[in-house]
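Participant: One structure, pasted below without further comment.
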Amino acid sequence: FASEAFAEARASLREDNEELDDAAAVMMLTQAWNVTNRAERVAWDNQARELDQDEAQRARAGEEGREREAEGRPQGERVEVGDEMRKNRLKYIDIPMRPPPTLPVEIPSRYATAKLQKGQYVEL
């Protein structure tokens, strides 16, 4: 707070109290920042804790809901869902949460893949 960037803040403090010098103004600004920073960190920690509790609660509710669904269905219907998941794996696959690729994916042709599996040379 002793740099030129905070000169205006120090000047406004000295205008309000003419007995203050630069060192005292710097000390007041530092104390004000520390108090504000502590309060913001406490608020941040509380918010993070609440988010963690909400996520845990949602996970428990989801598990309980799945258990209730499984209990409420007849046995044959549960088997059908399992068969459906086995037959259509791509329909039930999880979608990863990550950014899209920045480079194009290079997939070799079937011809090149077959030759490589046989251990033969493939021209580029």
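The values are calculated or read from the model by the stated rules, or taken from the named source; none is laboratory data. For clarity, every value in this text was computed on a predicted model and none was experimentally measured. Every residue, glycine among them, receives a Cβ derived from its backbone with ideal geometry; neighbour counts consider all protein chains shown. In case anyone asks, the SASA skips ligands and DNA or RNA and just uses the protein heavy atoms, side chains included. Shrake-Rupley method; radii C 1.70, N 1.55, O 1.52, S 1.80 Å.
Participant: Which condition from (1) open to solvent by less than 70 Å² (accessible area, probe 1.4 Å); (2) within 30 Å of the chain's Cα centre (by Cα); (3) at pLDDT below 85 is the one that LEU20 breaks?
Facilitator: LEU20 satisfies all of (1) open to solvent by less than 70 Å² (accessible area, probe 1.4 Å); (2) within 30 Å of the chain's Cα centre (by Cα); (3) at pLDDT below 85 except (2).
Participant: Related question: What are the residues in the range 75-124 that are of a type in the set (S, T, N, Q) and surrounded by 10 or more Cβ atoms within 10 Å (Cβ to Cβ), if any?
Facilitator: Result: ASN88, THR113.
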